[in-house]
Amino acid sequence: MQLNIQTLNGHWTEGFALDLHTTSSTPIGVNEQGRTLFDTKRPEIAEHLYQLKYRSDKSHINIIAQEAANFINSKPNWKLHKLIPIPPSDTVRTFQPVYELAKAIGIICKLELDFTTLKKLKSSSQLKTIDDPEQRREILQDAFDITPNILAGENILLFDDLFRSGESLNAVCDIVKNKGKAANVYVLTITKTRSKR
């Protein structure tokens with residue numbers, strides 16, 4: 001699969017997305033409810049993620065996980081100890097794509113998965129509608145917690161399916177480094193939006 005790797009800048013040691021979330025989105029009309037319809041073009045990996053995340057088509061898990069694992073295995077200098085998936089903002093969804101992808105990646109990479117160390121204390125679902133970075137940071141303040149020193153000296157990979165503004169990942173990274181005492185924090189997402197929304 002052809003990937004267009006995107007560098008992600010933030011509070012982490014190094015971060016990447018495997019590709020963009022969309023390459024273009026052109027308005028093509030309006031539906032019966034008055035909502036604008038778009039013709040959206042996506043890179044191949046983003047189409048797999050779209051089918052998994054928004055159509056609940058689990059047949060895409062292994063395809064996506066294999067590409068993510070190939071990328072992780074191309075970074076032997078990361079010397080990872082654990083993979084920690086970012087807790088999802090939509091907690092009512094019975095099927096959590098981030099967790100399912102993390103499990104598959106962990107198996108392929110023989111990497112320890114950690115679903116319990118990082119705790120989400122409050123919802124951050126409203127972030128998608130907020131453009132102001134200061135407001136986003138305010139919402140995320142005290143949104144996550146971790147036991148002091150629980151990751152002391154470890155190299156951690158934070159994993160999420162989609163990178164928007166990076167504010168959630170920055171908040172998690174700060175707590176993993178400062179309170180959890182991780183040595184290095186790396187970030188991998190499947191896709192990255194073209195805008196910060």
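Listed values, structure above:
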| item | result |
| --- | --- |
| Within region 160-169, considering residues that are of a type outside the set (Asp, Glu), in contact with a helix residue (DSSP H, G or I) (Cβ under 8 Å, 6 or more places away or on another chain) and farther than 14 Å from Leu118 by Cβ, the one surrounded by the most Cβ atoms within 10 Å (Cβ to Cβ) | Phe163 |
| Wholly within region 74-183, helices (runs of 4 or more DSSP H) carrying at least 1 residues that are of a type in the set (Val, Ile, Thr) and either in contact with a Cys (Cβ under 9 Å, 6 or more places away or on another chain) or at pLDDT below 85 (or both) | 133-140 |
| Residue within region 22-34 that is in contact with a helix residue (DSSP H, G or I) (Cβ under 7 Å, 6 or more places away or on another chain), modelled with pLDDT under 95 and not in a strand (DSSP E or B) present | yes |
| Within region 21-40, considering residues that are in contact with a Ser or Thr (Cβ under 6 Å, 6 or more places away or on another chain) and surrounded by 13 or more Cβ atoms within 10 Å (Cβ to Cβ), the one nearest to Tyr186 (Cα to Cα) | His21 |
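The values are calculated or read from the model by the stated rules, or taken from the named source; none is laboratory data. Remember, it's a predicted structure, so these values are computed and weren't measured experimentally. Ideal geometry is used to build each Cβ from the backbone, glycine not excepted, and the neighbour counts take in all protein chains shown.
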